[in-house]
Amino acid sequence: MLLSITKYGNPVLRAVSAPVEHVDDAIKALASNMIETMYAANGIGLAAPQVGENLRLVVIDIPEDEEEGAEPEMATINGELRPIRDIMPLVFINPVIEPYGKEYLFTEGCLSVHNIRANVSRPEFVKATLPQLDGSVLEIDCGGLLARCLQHECDHLNGFLFTDRVSSAAKITLAKKLKKLAQQG
Ligand code: NI
């Protein structure tokens with residue numbers, strides 16, 4: 001079932017989300033609907049507040065680089081170096097992430113922030129503990145797009161948007177557009 005995506009200006013995007021205490025059928029259905037909604041919107045990640053639920057639940061699917069000769073994106077997954085495609089789509093609750101390494105700028109966008117893309121500086125790598133719906137836990141050490149996406153999605157769980165993390169000059173440039181978005185709801 002497709003869910004409606006909450007837009008910039010909705011207070012649900014600014015709240016700190018609660019941990020998922022118990023994985024029941026409602027949580028499983030929510031996760032599966034979030035994956036469907038993310039695919040329909042051509043996104044690579046979606047956090048529960050973006051569908052109106054202040055819960056610490058995230059779905060991610062990073063597509064493979066289809067360019068010829070492109071190396072698959074790799075990560076250390078439970079101690080083993082593997083292509084990240086092995087764990088896509090990725091669904092997790094109550095994540096703990098530890099970003100590390102040098103920060104770099106990368107252009108981000110967000111399904112809740114229509115028509116705005118901006119450069120955001122974040123650390124290159126992430127160590128993450130990602131509890132799964134079946135009770136198992138994924139321990140990931142990654143870089144690349146997955147590290148970027150994990151930081152962006154986990155920000156959503158704490159009420160932050162990528163537009164909060166742009167340079168102060170970019171904030172001034174974006175202010176008008178964001179105001180308009182907030183008014184549109
Ligand atoms: Ni987002």
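Can you spot a residue in the stretch 82-93 that is within 17 Å of the chain's Cα centre (by Cα), in a strand (DSSP E or B) and not β-branched (Val, Ile, Thr)? Explain how you work it out, then say what you get.
Taking the stretch 82-93 as the starting set, the residues that turn out to be within 17 Å of the chain's Cα centre (by Cα) are 84-85, 87-93.
Cutting the leftovers down to in a strand (DSSP E or B) gives us 90-93.
Right, trim to not β-branched (Val, Ile, Thr) and you get 90, 92.
Scanning the stretch 82-93, I find at least one residue that is within 17 Å of the chain's Cα centre (by Cα), in a strand (DSSP E or B) and not β-branched (Val, Ile, Thr), so the answer is yes.
For the stretch 1-78, please list each of the strands (runs of 3 or more DSSP E) lying entirely inside it that holds at least 1 residues being open to solvent by 70 Å² or more (accessible area, probe 1.4 Å) and modelled with pLDDT of 95 or more. Step through it out loud before you land on a result.
Working: elements: 45-47, 57-60, 74-77.
Qualifying strands (runs of 3 or more DSSP E): 74-77.
Out of the residues in the stretch 79-130 that are of a type in the set (D, E, K, R) and within 16 Å of the ligand (Cβ to nearest atom), state the one that is surrounded by the fewest Cβ atoms within 10 Å (Cβ to Cβ).
Of everything passing the filter in the stretch 79-130, 117 is surrounded by the fewest Cβ atoms within 10 Å (Cβ to Cβ).
Output the number of residues of the stretch 134-155 satisfying the condition of being within 22 Å of residue 32 (Cβ to Cβ), in contact with a strand residue (DSSP E or B) (Cβ under 6 Å, 6 or more places away or on another chain) and away from the ligand (no atom under 16 Å from the Cβ).
The number of residues fulfilling the criteria is 3.
I'm trying to understand the selection: among the residues of the stretch 158-171, which are assigned to a helix (DSSP H, G or I), away from the ligand (no atom under 11 Å from the Cβ) and modelled with pLDDT of 95 or more?
164 - this is the single residue of the stretch 158-171 that is assigned to a helix (DSSP H, G or I), away from the ligand (no atom under 11 Å from the Cβ) and modelled with pLDDT of 95 or more.
The values are calculated or read from the model by the stated rules, or taken from the named source; none is laboratory data. As the structure is a prediction and not an experimental result, all values here were calculated from the model. Please note: Cβ atoms are built from the backbone with ideal geometry, for glycine as well, and neighbour counts cover all protein chains shown. We work out accessible area using only protein heavy atoms, side chains counted, and drop any ligands, DNA or RNA first. Shrake-Rupley method; radii C 1.70, N 1.55, O 1.52, S 1.80 Å.
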